[in-house]
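The values are calculated or read from the model by the stated rules, or taken from the named source; none is laboratory data. Keep in mind the model is a prediction, meaning the values are calculated, not measured. Quick reminder, even Gly has a Cβ in these numbers, built from the backbone with ideal geometry, and neighbours come from all protein chains shown. Side chains are part of the model used for accessible areas, which takes the heavy atoms of the whole protein and leaves out ligands, DNA and RNA. Shrake-Rupley method; radii C 1.70, N 1.55, O 1.52, S 1.80 Å.
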Amino acid sequence: MPQEVRGVVAPGRNEPVRVETVIVPDPGPGEAVVRVRACGVCHTDLHYKQGGISDDYPFLLGHEAAGVVESVGDGVTDVAPGDFVILNWRAVCGRCRACLRGRPWYCFDTHNATQRMTLADGRELSPALGIGAFAEKTLVAAGQCTKVDPAVAPEVAGLLGCGVMAGIGAAINTGGVGRGDSVAVIGCGGVGDAAIAGSRLAGAARIIAVDISDSKLATARAMGATHTVNSTDTDPVEAIRELTGGHGADVVIEAVGRPETYRQAFYARDLAGTVVLVGVPTPEMTIELPLLDVFGRGGALKSSWYGDCLPSRDFPMLIDLHLQGRLDLGAFVTETIALDQVEQAFDRMHTGDVLRSVVVL
């Protein structure tokens with residue numbers, strides 16, 4: 001029978017979030033109910049609150065989560081009650097043209113739960129990225145559940161559900177960073193720092209972190225950056241070239257999502273180098289580049305969707321690396337908080353002194 005749980009709801013554009021009673025239905029075919037153990041506070045949740053995603057209020061926020069499967073619906077075979085899982089927002093279909101070409105990380109028909117969770121008064125909720133995990137329990141498509149080693153701490157595991165996976169994947173999957181490469185990362189928030197950690201994991205010889213905050217650059221160095229550039233008073237393109245023998249970096253990862261920083265990334269790469277855009281721009285942003293420069297510099301200009309990850313492949317691998325001490329996912333957790341502290345966590349995002357606040361239930 002349906003269950004009543006507590007969840008963090010965004011009632012309207014720019015209105016403060018509040019903890020409300022959420023009705024979670026029993027799982028239908030292909031669905032699962034997950035008891036949430038931890039969920040990171042991501043900028044995407046703030047965008048939902050501000051109306052930057054859609055106007056389909058009220059939203060049940062939270063998507064960067066880990067928990068334990070409580071029950072499953074008919075036809076579910078990949079996960080079972082009791083499994084410890086990371087929730088992912090791109091459940092691949094296995095049937096679309098991308099999946100059939102052997103590129104499921106580009107799946108064009110990802111799916112979510114068919115049923116809707118509701119408020120106590122019956123109003124349907126829109127779960128953030130089809131997950132809605134700022135709640136004691138949530139209903140998702142079973143394909144959004146990826147089983148991993150339960151030895152990992154939930155507040156660490158959940159980060160792979162969005163931001164940390166996006167950054168690591170931008171380096172390893174999209175950028176193809178390899179041993180001995182030079183890498184520059186522009187923007188050292190959570191995603192940028194994850195790209196730095198991913199580049200170090202891949203064996204990059206030189207990792208250059210660029211930001212306007214000295215404190216963020218210090219954190220970037222702790223994550224694996226070999227050099228830092230404060231672009232407030234230094235031209236980052238010239239600095240990156242100087243640090244790479246005058247050539248530019250093999251891979252430049254833009255983790256801001258602005259035309260100005262993308263242009264810097266474009267000109268800071270070596271000939272035949274790669275630019276990876278993982279920072280998310282807003283709809284009105286445009287960029288103009290000389291077409292001759294696009295042609296003449298060669299290489300690749302890529303965007304990275306969710307780190308081009310395949311959850312069933314990447315989540316267990318990265319968790320294993322963390323448990324082996326080779327990837328410090330715990331370094332991304334700045335603080336743990338309760339459900340009723342999410343609004344304050346959004347406020348802290350503006351100060352720039354947190355990588356991740358994580359709700360622990």
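Annotations
- Near the amide H of Ala249, within less than 5 Å, lie the amide hydrogens of Arg269, Asp270, all on another chain or at least 5 residues away, with H placed in the peptide plane.
- Near the amide H of His111, within less than 5 Å, lie the amide hydrogens of Ala91, all on another chain or at least 5 residues away, with H placed in the peptide plane.
- Dipole size of the stretch 103-183 about its Cα centre, with +1 on Lys/Arg Cβ and -1 on Asp/Glu Cβ: approximately 160 debye, rounded to the nearest 20.
- Note: the stretch 4-57, Cα convex hull, 113 Å³ per residue.
- Distant-in-sequence amide contacts of Thr228, defined by a placed amide H-H separation under 5 Å and a gap of 5 or more residues or a different chain, comprise Ala209.
- When the chain is described by a simple charge dipole with +1 on each Lys and Arg Cβ and -1 on each Asp and Glu Cβ, the residue from Cys42, Leu339, Gly175 located farthest towards its positive end is Gly175.
- Expressed as a fraction of 2.2 N^0.38 Å, the C-alpha radius of gyration for the stretch 49-196 is 1.15.
- Our coupling estimate for the stretch 19-25, obtained by passing each phi through the Karplus curve with A = 6.51, B = -1.76, C = 1.60 and θ = phi - 60°, is 8, 10, 6, 10, 9, 9, x Hz, Gly and Pro reported as x.
- Shape category assigned to the stretch 180-280 from the gyration tensor of Cα positions, a/c cut at 1.5: rounded
- Accessible-area value, Ser126, 1.4 Å probe, nucleic acids and ligands omitted, Å²: 10
- The loop-placed GluC sites (Glu not before Pro) in the stretch 285-355, going by DSSP, that have at most 12 neighbouring Cβ atoms within 10 Å of their Cβ come out as Glu288.
- Entry comment: accessible area of the stretch 34-184 is 37 Å² per residue, from protein heavy atoms only and a probe of 1.4 Å.
- Remark: the stretch 317-361 projects, on average over all directions, an area of 3.8 nm² (convex hull of Cα atoms).
- For the chain, calculated [θ]222 nm from helices alone, where every DSSP H run of n ≥ 4 adds -39500 (n - 2.57): -7000 deg cm²/dmol
- Among the chymotrypsin sites (Phe, Trp or Tyr not before Pro) within the stretch 70-145, those in coil by DSSP and having at most 16 neighbouring Cβ atoms inside 10 Å are Phe108.
- Tally of Lys pairs whose C-alpha atoms are under 29 Å apart, taken over the chain, 8 or more apart or cross-chain: 5
- Percent accessible area from carbon and sulfur atoms, the stretch 250-309, protein chains only, probe 1.4 Å: 62
- The trypsin sites (Lys or Arg not before Pro) of the stretch 86-161 meeting both criteria, a DSSP state outside H, G, I, E and B (loop) and at most 14 other C-beta atoms within 10 angstrom of the site's C-beta, are Arg95, Arg101, Arg123.
- Whole-Hz Karplus values for the stretch 42-54 come out as 9, 4, 4, 5, 5, 4, 4, 4, 7, x, x, 9, 6 Hz, taken residue by residue from phi with 6.51 cos²θ - 1.76 cosθ + 1.60 and θ = phi - 60°; glycine and proline positions read x.
- Interatomic Cα distance distribution for the chain, bins of 20 angstrom, percent: 31, 56, 13, 0
- Accessible surface of the stretch 1-123 [probe 1.4 Å, protein heavy atoms]: carbon and sulfur percent: 47
- The stretch 32-130: projected area of the alpha-carbon convex hull, averaged over directions, in nm²: 7.6
- Here the 3J(HN,Hα) profile of the stretch 5-14, calculated from phi with Karplus coefficients 6.51, -1.76 and 1.60 at θ = phi - 60°, is 9, 8, x, 8, 10, 9, x, x, 4, 6 Hz, Gly and Pro shown as x.
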